[in-house]
Amino acid sequence: MITMKVASILARKASTLFVILVTVVLLGIVYYRSSPNIRLRNDVESEQSEPSSNEGFCKYCYTSGFGTPRKALPRKQLRQSGCEQRLPDALIIGVKKCGTGTLTHFISFHPQIAPVRETLHYFVTDYFKGLDWYKSQMPYALRNQTVLDKSPGYISPQTCDKIRKDLPSDVRIIAILRDPVARAVSDFVHIHAVLENAKKSGSGAYEKDVASLGKGYDLVSSLEDSLIDANGNVRIENGIITKGIYVNKLRYWFKQYPRDQILLIDGNDLNKNPYKVMQTMEKFLGLQTYFTEKHFYFNPVKRFYCLARPINECMVESKGRSHPVLSQNITNKLQDFFKPFDRKLEELTGQKFSWVRRN
């Protein structure tokens, strides 16, 4: 009789312990599934010992990672994880051929960045599609992730007005600038490479690519003839030149947004030390520290920095094209032309830039 009572008591205790154990396990699972932000924070804080092919935000909102067709999780799982599509928290607005692609590529590997995968040009060419369409093109992201869009064409004042009207007032604005003479040469090389590829591909691609290059370009075959006219003067009407007069465009942005919402990056700094630029980006965007010097390495063949982790990857082949060398006479003319604009840029921004001559 006593043995049966003891057995009964033990059975009840075992049953109670089993229920408690199961409850704890289930609560742990629910907590884990409902707390992607906590897991994200832990991922950022801990150094990755093994390379991963997943972008940070893909771990929680997508079934596949970087370099593969991206497929969002089922809607129910997206809701459970707190993944949503929303308008950008930050924009990289340009400037063309100053490093917008490289800057976006590097920062996109931060686990707290949810980047738009393709350049949309929404505020430039697709504005007629409406804000709902634009939002539908955004990546799924967690609440504590920063949704990032970029287009080198966004820097115009007309685009600024649209962005001011449609996006949250606290949106972060980023622009990368470089020596306008070097930018002009790079732009020329890029234009002719695009047109050459378009000619080879045929089927109307040439006309389409000419139109996509933007208004104001005088597409002549010679670099020096594109920059200097027959009288030896700088061709100030050519888009290759005007895109390098940064102050004319940024002055308007500084009237529309407070200084602390705009980050200007010297392209020379990105070329020489991408790690420090990523540190600056993290601070500006309010991200947790993720990048270290070990994330980057200099590729002597390509002559620029590449990612070492979380995956070993360099930018596409079109980056690092060889550029023609301008004569010293033409270089001097261009530098003299840009100098007063660059000085005004420094006055406007309160920031020094590496290419601006001090004499």
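The values are calculated or read from the model by the stated rules, or taken from the named source; none is laboratory data. This one's a predicted model, so the numbers in the text were calculated from it and none came from an experiment. Virtual Cβ from ideal backbone geometry, glycine too; neighbours counted across all protein chains shown. Remember, those area values only see protein heavy atoms, side chains included, never the ligands or the DNA or RNA. Shrake-Rupley method; radii C 1.70, N 1.55, O 1.52, S 1.80 Å.
Tabulated results
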| read-out | value |
| --- | --- |
| Residues of the range 281-300 satisfying the condition of being in contact with a Lys or Arg (Cβ under 9 Å, 6 or more places away or on another chain) and within 15 Å of Ile265 (Cβ to Cβ) | Phe284, Leu285 |
| Every pair of residues 6+ apart whose Cβ atoms lie under 7 Å, when the first sits in the range 228-245 and is polar (S, T, N, Q) while the second is crowded, with 16+ Cβ neighbours inside 10 Å | Asn238/Tyr217; Asn238/Ser226 |
| Total residues in the range 96-129, condition open to solvent by 20 Å² or more (accessible area, probe 1.4 Å) and more than 19 Å from Ala175 (Cβ to Cβ) | 7 |
| Count of the range 125-153 residues which are under 19 Å from Tyr246 (Cα atoms) and in contact with a helix residue (DSSP H, G or I) (Cβ under 6 Å, 6 or more places away or on another chain) | 3 |
| Residue satisfying all of: in the range 337-359; of a type in the set (D, E, K, R) and in a loop (DSSP other than H, G, I, E, B); nearest to Leu177 (Cα to Cα) among these | Lys352 |
| Pair list, Cβ under 7 Å, 6 or more apart: the range 294-312 residue open to solvent by less than 60 Å² (accessible area, probe 1.4 Å), other residue polar (S, T, N, Q) and outside any strand (DSSP E or B) | Phe304/Asn271; Pro310/Gln48; Pro310/Ser52; Ile311/Ser53 |
| Condition broken by Asn238, with the remaining ones in (1) modelled with pLDDT of 95 or more; (2) buried (at least 16 other Cβ atoms within 10 Å of the Cβ) satisfied | (1) |
| Breaking point among (1) under 20 Å from Lys344 (Cβ atoms); (2) open to solvent by 60 Å² or more (accessible area, probe 1.4 Å); (3) not in a helix (DSSP H, G or I), for Tyr252 | (3) |
| Selection from the range 304-359 of residues that are modelled with pLDDT of 95 or more and among the hydroxyl-bearing types (Ser, Thr, Tyr) | Thr331, Thr349, Ser354 |
| Residue match in the range 330-341 (condition: closer than 30 Å to Tyr257 by Cβ, open to solvent by 30 Å² or more (accessible area, probe 1.4 Å) and free of Cβ contacts under 8 Å to residues at least 24 places away in the same chain) | yes |
| So Glu207, is it surrounded by fewer than 21 Cβ atoms within 10 Å (Cβ to Cβ), among the charged types (D, E, K, R), modelled with pLDDT under 95 and within 30 Å of Pro340 (Cβ to Cβ) | no |
| Failed condition for Lys276, given (1) open to solvent by less than 50 Å² (accessible area, probe 1.4 Å); (2) farther than 19 Å from Pro180 by Cα; (3) assigned to a helix (DSSP H, G or I) | (1) |
| Extreme residue, most open to solvent (accessible area, probe 1.4 Å), among residues of the range 58-84 that are small (Gly, Ala, Ser), at pLDDT below 90 and part of a loop (DSSP other than H, G, I, E, B) | Gly67 |
